[in-house]
Structure formats: structure tokens, C-alpha cells
1. Rank by packing, highest mean first: peptides 173-182, 100-109, with packing defined as the count of other Cβ atoms within 10 Å averaged across residues.
2. Taking R0 as 41 Å, what's the FRET efficiency between T188 and A23 from their Cβ-Cβ distance, rounded to 0.05?
3. May I ask you to give the percent of accessible area on segment 45-195 that is carbon plus sulfur, with a probe radius of 1.4 Å?
4. How many nm is it between the label spots at T97 and E140, if each spot is 7 Å from the Cα in line with the beta carbon?
5. Of the trypsin sites (Lys or Arg not before Pro) in segment 1-54, which ones lie in a loop per DSSP and count no more than 11 other C-beta atoms within 10 Å?
6. Could you let me know the centre-to-centre spacing of segment 26-52 and segment 106-135, using Cα atoms, in angstrom?
7. So if I place +1 on the C-beta of Lys and Arg and -1 on the C-beta of Asp and Glu, and nothing else carries charge, what would the dipole magnitude of the chain be about its Cα centre? I want it in debye, nearest 20.
8. Hey, quick one: spin label on I120, modelled 7 Å out along Cα-Cβ, who in segment 153-168 has an amide N within reach, i.e. under 20 Å?
Amino acid sequence: MDVSRINLMHTDGWAVLPHLAAAFDLDSWADQEARLIAERYAAEGERADVRKISRDLRVLAKDSATREPLGAFALYLSGLDTSVAVAEVDAILPDETAAEVTPQWMVDHLVSHDFGPPQIDRITLPLGPAVRVRQNITGEKKRLFGSRPVIRTLSFGVQPEGEKGLITLICSWTDPVLDEPLGGIMDTMAQSLTL
């Protein structure tokens, strides 16, 4: 599967996180992207702290780089100085540990039962047969004596027609008020996946 051709559509609220190469100037990128976000907020009648947004973008870009996805996006809602959700698109290809990677393989290997049973739907996307998994998982502790946050996730695994392997689209967030709106946003993004 030629993963270099993966593409999807997203709304203006998403900042595209960069691939971090050795020569990439993360600080300049984050400052410029934060200014663009602040301009969008101003057009919507909201204020923004450009320094806080820039700092948040740097943290998110570094964190995403640890997973090396094919693409990553951070959602900024007007008036908020931190991202409310992160989405990543990637590919899982067959190898010596998994000879066959299908939507069912994703259910068998990537589903968590941290907070009860996940919601699993078998669907068909324009790209091919897919699975949609909505689940809550335990996040990492932020402080030594703090509790672990609940990370809310919506994941898609689609097997393009005639291909081996999966294209994945995974979104995570923490605020339960975003469950329904993000479900609709991610369903639209998943429908737009092309290869």
C-alpha cells in the first residue's frame, strides 16, 4: 500500500501538526500557527493568548512526533488557548507480528475495556470496509500524586479495497461535552479519507 498518497479533508479549526525533521524550526512554526489561530479567533469575536497557543502547539507537535503518524491535527475552538482534541492518521501494515491486518484485527488488538465495553460499529467508508470504535481509556498521570485522566477516543480502521493493511484515524479528547460534536466531525473526516 502506497501510504504517501493518504489524504483527508478537515475544517479550519484544525491546525496541521508538522513532521519534526532535524532542521525544522518548531518555534517559528508554532509562533506563526498561533498567530493564524489568534486571527481566526479575532474574526469570530474572541481573544487569544498567542504565547499560550504557541506553547501548546510545540508540546502537541513533540508528543505526536513520538508516535510518528502520517498526519496529525490539533483542534482549537475559538477563545481557548489549548487544543481540545488531537487527531492522527496512520497506517498499520502486515508484518511478521501480524500477517493479516483487517478491521477485525483492530477490534481484537486495539480495543480497551478500561471504562466498560467500547462501542464498536462495522461500517463502510468510501475507501473500503471499516470499523468505528468509541471508547474511553486511562491516560497517563500528569502529577506524581494526581489521578489518571480519562481519555475519550474515537478510532476508525479502514481497509482500502484491494489493499492489505489498515488506514487508521484516531481522535482523542478529555472533555465529555465534546463527545457528540467530535463524533460528527470525525465521521465526516473518515468519509473523506482517500488513498
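The values are calculated or read from the model by the stated rules, or taken from the named source; none is laboratory data. Since this is a predicted model, take the numbers as computed values, not measurements. So basically every Cβ, Gly included, is an ideal-geometry build from the backbone, and we count neighbours across all protein chains shown. Side chains are part of the model used for accessible areas, which takes the heavy atoms of the whole protein and leaves out ligands, DNA and RNA. Shrake-Rupley method; radii C 1.70, N 1.55, O 1.52, S 1.80 Å.
1. Listed from highest to lowest mean packing, they are 100-109, 173-182.
2. Efficiency, rounded to the nearest 0.05: 0.75.
3. Summing carbon and sulfur atoms, their accessible area is 52 percent of the total for segment 45-195.
4. Taking the two extended label points, one gets 1.8 nm.
5. Hits after loop and neighbour filter: R47.
6. Distance between centres, Cα-based: 35 Å.
7. Working: 19 positive and 29 negative charges, 111 e Å.
Dipole size: approximately 540 debye.
8. Zone members listed by number: 153-160, 165-168.
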